[in-house]
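The values are calculated or read from the model by the stated rules, or taken from the named source; none is laboratory data. What you see is a predicted model; the values in this text were computed from it and never measured. No Cβ is skipped: glycine too gets one built from the backbone with ideal geometry, and neighbour counts run over all protein chains shown.
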Amino acid sequence: MKKSIIIISIILFSLFSGTASALNIYDAKPGAIIPLTINGYEMTTTGLIITPSWKPAMIKWYLVDPQGNTKYMVGSNIDTVVQVSSGFNSATWSLTENSGTMKIPAFAQKGKWIVKANIYDVNKVFIFQFSNKASFVANEIEVGDASIIEQISGPLYLYTSFGGNPLTGDMEFAIGTPDVIILLFIAIIIIVFLINIVALLKRRKQK
């Protein structure tokens, strides 16, 4: 029992070490962990006379492949927003946010991936609602060659958007699975379990 715990701990440590350090080099692999954080990021917002500036309130992180296709999205409210200065129709803000992490997906295309961040605030003028937006590139990851095992060490992502309403913006949907290697492991366990159940039922019928 102790040996099994030690072996499992070593495997988990090696996997974690591999994914956590992948972003420190240009040869990232599927499953590489991308932190979704900003600390003291300053931005200036402007507006019209009736709305001199807008306050950042929400952030969306987009994982974009080398072809410019969005593969995944994570959104959350910004943890801390502090105004540091203001002008006639502008304001400068300091933002701090920790939205967790996302991963490079399984079978990731080789090349430069980016994490783009969009910062929003929803404003209302009478009955009309619209979203102000500011964008910046939060991270750049160079994905290199990967072995078969490395290729399945990341999740699968599904992202879609539709709408394009100029007042309310696009509607978006994103979902991610556990790492493919974990899904395969679960599938193998289920198959082995079913095989044993079938074999047990056959033996009972023979008796």
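Observations
- Yes/no for Phe88 being of a type in the set (Phe, Trp, Tyr), part of a loop (DSSP other than H, G, I, E, B) and on the phi > 0 side of the Ramachandran plot: no
- Test: residue in region 162-184 that is out of contact with any helix residue (DSSP H, G or I) (no Cβ under 9 Å at 6 or more places or on another chain), at pLDDT below 90 and surrounded by 15 or more Cβ atoms within 10 Å (Cβ to Cβ): yes
- Residue tally, condition more than 12 Å from Ala28 (Cα to Cα) and either among the acidic types (Asp, Glu) or in contact with a strand residue (DSSP E or B) (Cβ under 7 Å, 6 or more places away or on another chain) (or both), over region 87-113: 14
- For region 66-81, the criterion of being at pLDDT 95 or above and aromatic (Phe, Trp, Tyr) is satisfied by at least one residue.
- Only one entry of Gly40, Gly68 meets the criterion of being out of contact with any Asp or Glu (no Cβ under 7 Å at 6 or more places or on another chain), assigned to a strand (DSSP E or B) and small (Gly, Ala, Ser), and that entry is Gly40.
- Val82 vs. criteria over 12 Å from Asn118 (Cα atoms), surrounded by fewer than 14 Cβ atoms within 10 Å (Cβ to Cβ) and out of contact with any helix residue (DSSP H, G or I) (no Cβ under 9 Å at 6 or more places or on another chain): yes
- Filtered by the rule that a residue be assigned to a loop (DSSP other than H, G, I, E, B), closer than 27 Å to Trp113 by Cα and not small (Gly, Ala, Ser), region 43-65 gives Pro56, Asp65.
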